[in-house]
Amino acid sequence: MSSNLNQSDIKNEIQAALDWRYATKIFNKNKKISDENWNLLEDCLIKAPSSYGLQPWKFLIIKNPKLRQDLRVHTWNQSQVTDASHYVVFLAKQQLDIEHIDKHLARVSDLRGVSSETLTGYRNMMTENLLKSDRFKTIRFWAQRQAYIAMGFLLETASLLQIDACPIEGMSPEEYNKILKLENTGWETIAAVALGYRSDDDKYQSIKKVRFDKSDVIEWI
Ligand SMILES: Cc1cc2nc3c(=O)[nH]c(=O)nc-3n(C[C@H](O)[C@H](O)[C@H](O)COP(=O)(O)O)c2cc1C
């Protein structure tokens with residue numbers, strides 16, 4: 001990070017963003033996220049961390065208005081689906097396979113200039129731990145958890161850019177899978193995020209944030 005950024009400015013920005021963001025219910029239909037900001041948000045999805053770096057996720061940006069309308073019907077008719085500037089559906093891998101692990105290792109080898117032989121130990125470890133142990137039975141939930149990390153990154157970065165967002169789980173993932181033609185692809189819908197700018201009509205922007213007391217959720221031992 002650039003060293004000429006003032007630490008206290010950064011802290012103030014982060015605090016302000018934490019207090020400013022809220023799950024936006026009504027978006028301004030006419031205000032769009034700039035390409036420059038959107039590229040940054042895509043970068044933050046791509047750079048989110050994942051277990052072993054395996055990135056068992058995909059992010060579908062739904063641009064087509066008809067598709068958005070079809071999805072809205074299966075999202076408790078929430079207006080964010082059609083009215084937000086951008087709508088991202090989060091997918092996770094239903095199962096992990098050796099092809100996916102090798103795809104990742106090929107990238108490691110390429111980008112870091114290391115031979116695949118030097119990665120054999122790492123490959124064996126991932127194979128043992130993820131494909132051959134009991135964990136394999138629950139790998140679908142592991143993949144979903146990874147995708148939620150990317151969601152957190154997206155929400156926080158958006159707020160720092162003063163871009164509004166609403167994470168969305170109020171949907172039928174099965175219907176999404178049908179509409180997005182995901183059946184038998186090995187990918188499944190887990191959630192979505194609508195992003196854009198709040199409408200002045202959204203009363204939720206001015207109501208008090210409700211959280212448990214810090215002492216209820218943070219414990220020092
Ligand atoms: C994974 C997830 C799914 C959510 N699904 C919805 C949703 O479908 N519709 C909605 O309006 N809000 C949804 N929310 C927003 C939460 O209700 C909201 O974050 C929570 O009440 C706290 O309020 P705040 O985010 O405005 O501070 C979801 C939040 C998360 C993290």
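The values are calculated or read from the model by the stated rules, or taken from the named source; none is laboratory data. This one's a predicted model, so the numbers in the text were calculated from it and none came from an experiment. Heads up, the Cβs are rebuilt from the backbone with ideal geometry, glycines too, and the neighbour counts pull from every protein chain shown. Each accessible area value is taken on the protein alone, full model and side chains, heavy atoms only, with ligands, DNA and RNA left out. Shrake-Rupley method; radii C 1.70, N 1.55, O 1.52, S 1.80 Å.
Worth pointing out:
- Farthest positive-ward along the chain dipole, Cα basis, beta-carbon charges - from 167, 7, 153: 167
- Value of [θ]222 nm, deg cm²/dmol, for the chain, DSSP H segments ≥ 4, -39500 (n - 2.57) each, nearest 500: -12500 deg cm²/dmol
- Put simply, when 200-210, 16-26 are sorted by average Cβ atoms within 10 angstrom per residue, most first, you get 16-26, 200-210.
- What you get for segment 1-76, charging only the Cβ of Lys and Arg (+1) and of Asp and Glu (-1), is a dipole of about 540 debye around the Cα centre.
- Computed magnitude of the charge dipole of segment 99-221 (debye, nearest 20; Cβ of K, R +1, Cβ of D, E -1): 220
- With all protein chains in place and a 1.4 Å probe, the accessible surface of the chain carries 53 percent carbon and sulfur.
- Listed by chain and number, the aspartates and glutamates whose alpha-carbon sits under 18 Å from that of residue 203, ignoring those within fewer than 8 places in the same chain, are 19, 83, 164.
- Across segment 107-113, coupling constants 3J(HN,Hα) worked out from phi with the 6.51/-1.76/1.60 Karplus curve, θ = phi - 60°, read 5, 4, 4, 4, 6, 9, x Hz, and Gly and Pro carry x.
- Placing +1 on the Cβ of every Lys and Arg and -1 on the Cβ of every Asp and Glu, with no other charges, gives segment 30-174 a dipole of roughly 200 debye about its Cα centre.
- Surface listing: 198, 123 arranged by accessible area from highest to lowest gives 123, 198, probe 1.4 Å.
- Segment 58-101 and segment 102-145 have their alpha-carbon centroids 27 Å apart.
- Scaled radius of gyration (Cα, divided by 2.2 N^0.38 Å) that segment 1-111 gives: 1.39
- Rounded to two decimals, the Cα-based Rg/Rh of the chain, with Kirkwood Rh, is 1.01.
- Our estimate of slack between residue 208 and residue 112, defined as 0.36 nm per intervening residue step minus the Cα-Cα distance, is 29.8 nm.
- Each of the peptides 185-192, 173-180 was scored by the mean count of other Cβ atoms within 10 Å over its residues; in descending order, highest first, they stand as 185-192, 173-180.
- What the chain shows is 62 Å² of accessible area per residue, with the surface traced by a 1.4 Å probe over protein heavy atoms.
- Exceedance of the 23 Å cut-off in Cα-Cα distance is limited, within the set 11/214; 32/208; 32/103; 137/181, to 32/208; 32/103; 137/181.
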